[in-house]
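Notes for the one structure printed next.
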Amino acid sequence: MNRKIRLLLVLILLTSQVIDAQIMWPESKKAAIVLSYDDGLNSHLNYAIPQLNAYGFKGTFFLYGYLPEDKFDEWEQVSEQGHEIGNHSLFHPCKGDGKEGRSPRFYSEDYDVPSMLREIGIMNKLIFAITGKKPESYAYPCGETVVGGVDYSDSLKQAGLLKYARNGKDTDGITSCENLNPYKVPAYGVKRGSSADDLIQYVKTVMKNEGLGIFIFHGVGGDYLDIDANVHQELLDYLNDHQDELWITTFSEVMEEITNKD
């Protein structure tokens, strides 16, 4: 075979592999953004959700068992408004690390995988009792996929409790589906006191890379690990101004789109 023809065939093969790995978004959007919020905080109900609703954006809210009963009705309404309610475990175990205010009972290093899966299953039932919907997504507490020294992401998959799981540690967005594990989806953890410029820069990077960016928020205008409510509003303003380029959706919906690609 002619050397030039062989080279051309190799280039065609490599190009087709790159195209297959890239993420193609609905309506020819340039990139996708997911707005996710952890812990089911009052500041989400007071600030984040009204701001999202004003633009018709749908967020993903990961709840865990420390949820006041007098807020159940409000979270049911959040679900009815089209926002996704995800699972964040029952007791939110994390590494001890000598942090004050955390009970040793809930140190993740003292858990085992069956205990963790049992917590997640119970939280599924609580969320169903509140919303009437079985959750599809999970957020690892503190972004940790390990309990008792064992990575439980595969066990979570085998248990069939949820379809997708978010773990954190992302800076530039997801640009390829090729090696994406739906039970270890990276996301961008928003730091306390972040500015609107910080958050918008992440979106710009995701857009430049034509990928997927997933935000992890905690407090918005209050609570802890918080950002100012005006900063959150400025981010939403920017997203709204770029809706022709961005698909803004929930975590499960974007994962459904990715995993169902032929």
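The values are calculated or read from the model by the stated rules, or taken from the named source; none is laboratory data. Remember, it's a predicted structure, so these values are computed and weren't measured experimentally. Heads up, the Cβs are rebuilt from the backbone with ideal geometry, glycines too, and the neighbour counts pull from every protein chain shown. What goes into the accessible areas is simple: the full protein's heavy atoms, side chains included, and nothing from ligands, DNA or RNA. Shrake-Rupley method; radii C 1.70, N 1.55, O 1.52, S 1.80 Å.
For residues that are open to solvent by 60 Å² or more (accessible area, probe 1.4 Å) and more than 16 Å from LEU117 (Cα to Cα), scanning just the range 154-173, find the one that is nearest to the chain's Cα centre (by Cα). Show your work before the answer.
The initial filter retains those residues of the range 154-173 that are open to solvent by 60 Å² or more (accessible area, probe 1.4 Å), namely 154, 157-158, 163, 169, 171-172.
Imposing the further condition that a residue be more than 16 Å from LEU117 (Cα to Cα) reduces the set to 169, 171-172.
Numbers: LYS169: 11, THR171: 14, ASP172: 14 Å.
Among those residues, the one meeting the criterion is LYS169.
Just to verify a result, which residue in the range 101-123, among those that are part of a helix (DSSP H, G or I) and touching a strand residue (DSSP E or B) at 6+ places or on another chain (Cβ under 7 Å), is surrounded by the fewest Cβ atoms within 10 Å (Cβ to Cβ)?
By that ranking, first place goes to VAL113.
Just to be sure, is GLY98 assigned to a loop (DSSP other than H, G, I, E, B) and either in contact with a Ser or Thr (Cβ under 8 Å, 6 or more places away or on another chain) or modelled with pLDDT under 95 (or both)?
yes
In the range 50-81, which residues are farther than 29 Å from SER103 by Cα, in a helix (DSSP H, G or I) and open to solvent by less than 10 Å² (accessible area, probe 1.4 Å)?
Those that are farther than 29 Å from SER103 by Cα, in a helix (DSSP H, G or I) and open to solvent by less than 10 Å² (accessible area, probe 1.4 Å): LEU52, VAL78, SER79.
Which residue is most open to solvent (accessible area, probe 1.4 Å), if the candidates are limited to the range 3-49 and must be at pLDDT 50 or above, among the hydroxyl-bearing types (Ser, Thr, Tyr) and within 25 Å of ILE174 (Cα to Cα)?
Filtering the range 3-49 for residues that are at pLDDT 50 or above, among the hydroxyl-bearing types (Ser, Thr, Tyr) and within 25 Å of ILE174 (Cα to Cα), the one most open to solvent (accessible area, probe 1.4 Å) comes out as SER28.
What residue, of SER194, SER176, is buried (at least 17 other Cβ atoms within 10 Å of the Cβ) and in a loop (DSSP other than H, G, I, E, B)?
SER194
Could you tell me which numbered condition THR171 fails, if it satisfies all but one of (1) in contact with an Asp or Glu (Cβ under 8 Å, 6 or more places away or on another chain); (2) under 26 Å from LYS30 (Cα atoms); (3) of a type outside the set (Phe, Trp, Tyr)?
(1)
Within the set of pairs 6+ apart or on separate chains, which have a first residue in the range 221-247 that is closer than 22 Å to ALA32 by Cβ and open to solvent by less than 50 Å² (accessible area, probe 1.4 Å), a second that is in a loop (DSSP other than H, G, I, E, B) and polar (S, T, N, Q), and C-beta atoms under 7 Å apart?
Filtered contacts from the range 221-247: ILE227/SER194; VAL231/SER194; VAL231/SER195.
For SER252, indicate whether it is in a loop (DSSP other than H, G, I, E, B) and within 20 Å of LEU52 (Cβ to Cβ).
no
Pick out the one residue from LYS125, LYS134 that is under 22 Å from GLU80 (Cα atoms) and in contact with a helix residue (DSSP H, G or I) (Cβ under 6 Å, 6 or more places away or on another chain).
LYS134
In the range 124-153, what residues are touching a residue at least 60 places away in the same chain (Cβ under 8 Å), open to solvent by 20 Å² or more (accessible area, probe 1.4 Å) and under 14 Å from GLY40 (Cα atoms)?
Passing the criteria: only LEU126.
Quickly run through the range 197-220 and pick out the residues that are buried (at least 17 other Cβ atoms within 10 Å of the Cβ) and either in a loop (DSSP other than H, G, I, E, B) or without any contact (Cβ under 8 Å) to a residue 12 or more places away in the chain (or both).
The answer is GLU210, GLY211, HIS218, GLY219.
Just to verify a result, which residue in the range 179-191, among those that are touching a Gly at 6+ places or on another chain (Cβ under 7 Å) and either of a type in the set (Gly, Ala, Ser) or in a loop (DSSP other than H, G, I, E, B) (or both), is surrounded by the most Cβ atoms within 10 Å (Cβ to Cβ)? Spell out how you get there, then give the answer.
From the range 179-191, those touching a Gly at 6+ places or on another chain (Cβ under 7 Å) are 186-189; that's our starting set.
When the remaining residues are screened for being either of a type in the set (Gly, Ala, Ser) or in a loop (DSSP other than H, G, I, E, B) (or both), the result is 186-187, 189.
Details: PRO186: 20, ALA187: 22, GLY189: 19.
Result: ALA187.
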